[in-house]
Amino acid sequence: MAREPREGGGRGRDRERSGGGGDREPDDGIIDKLVTINRVAKVVKGGRRFAFAALVVVGDQKGRVGYGAGKAREVPEAIRKATERAKRGMIRVPMKEGRTLHHDVEGHYGAGNVILRSATAGTGIIAGGPLRAVFETLGIGDVVAKSLGSRNPHNMVKAAFAALQKVASPRSVATRRGKKVPELFGRREPQAAAPAQEAPANG
């Protein structure tokens, strides 16, 4: 009975946070985006005990990104916990020309399945809500993303991170294979010269 006013106030803070405070920029240059927040209930002997679960994505918009989940009795505390966990688990993703991915990649997590594709300049971010938050905090400006599996924001974000961890730059691949970057793409001059040798025989 005494928890009812707190429950109503929590919903009000939820609307205020998601409306104007979902994208903040702390002093350390890392921005955070609130992907989703849910009110959860735990059934105890005296009734139900409510709490809030938040999912937050953070990044420096320069190739580093992370995600985290937090749960608390109040919305601000849940968001704070999720943000701290996201900062501790940040990863670095190589980007092509600082705006898109080097190659297409696919990621899976549970029932989540996402496909991320590199795009030409000017394409923009073509993705849904949870995936868009990941790309905006990462700093990617041109990308096409498609979710083929679960629409659960947690599964979508985790599948996106599974895909981003597979992205490799040509320099890293060349170093791993002991080659130079131009050798990875190969040359096709011998194939182009083959029709010229057959021309005199037809005459």
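The values are calculated or read from the model by the stated rules, or taken from the named source; none is laboratory data. Model, not experiment: these values are computed from the prediction. Note that each Cβ is placed from the backbone with ideal geometry, even for glycine, and that neighbours are counted across all protein chains shown. Ligands, DNA and RNA are excluded from the accessible area calculation, which covers all protein heavy atoms including side chains. Shrake-Rupley method; radii C 1.70, N 1.55, O 1.52, S 1.80 Å.
Only residues that are open to solvent by 50 Å² or more (accessible area, probe 1.4 Å), farther than 19 Å from ILE79 by Cα and not aliphatic (A, V, I, L, M): list them for the range 43-54, please.
Of everything in the range 43-54, those that are open to solvent by 50 Å² or more (accessible area, probe 1.4 Å), farther than 19 Å from ILE79 by Cα and not aliphatic (A, V, I, L, M) turn out to be LYS45, GLY46, ARG48.
Considering only residues of the range 129-148 that are in a loop (DSSP other than H, G, I, E, B) and over 11 Å from the mean Cα position of the chain (by Cα), which is nearest to HIS103 (Cα to Cα)?
ASP142
Return yes when ALA51 is modelled with pLDDT of 90 or more and more than 29 Å from GLN165 (Cα to Cα) and no when it is not.
yes
Does the range 18-30 contain any residue that is open to solvent by 40 Å² or more (accessible area, probe 1.4 Å), at pLDDT 95 or above and in a strand (DSSP E or B)?
no
Which of the following residues is open to solvent by 30 Å² or more (accessible area, probe 1.4 Å), hydrophobic (A, V, I, L, M, F, W, C) and outside any strand (DSSP E or B): ALA86, ALA82, ALA121?
Values: ALA86 fails: open to solvent by 30 Å² or more (accessible area, probe 1.4 Å); ALA82 fails: open to solvent by 30 Å² or more (accessible area, probe 1.4 Å).
When all the criteria are applied, what remains is ALA121.
Counting just the residues of the range 155-182 that are of a type in the set (S, T, N, Q) and in contact with a strand residue (DSSP E or B) (Cβ under 9 Å, 6 or more places away or on another chain), which one comes out most open to solvent (accessible area, probe 1.4 Å)?
GLN165
Restricting to the range 124-140, and then to whatever is of a type in the set (Gly, Ala, Ser) and crowded, with 19+ Cβ neighbours inside 10 Å, can you tell me which residue is farthest from LEU34 (Cα to Cα)?
It comes out as ALA127.
Going through ALA133, ALA174 one at a time, which residue ends up being at negative phi, of a type in the set (A, V, I, L, M, F, W, C) and in contact (Cβ under 8 Å) with a residue 12 or more places away in the chain?
ALA133
Could you list all residues from the range 55-75 that are open to solvent by 80 Å² or more (accessible area, probe 1.4 Å) and more than 17 Å from the chain's Cα centre (by Cα)?
LYS71, ARG73 - these are the residues of the range 55-75 that are open to solvent by 80 Å² or more (accessible area, probe 1.4 Å) and more than 17 Å from the chain's Cα centre (by Cα).
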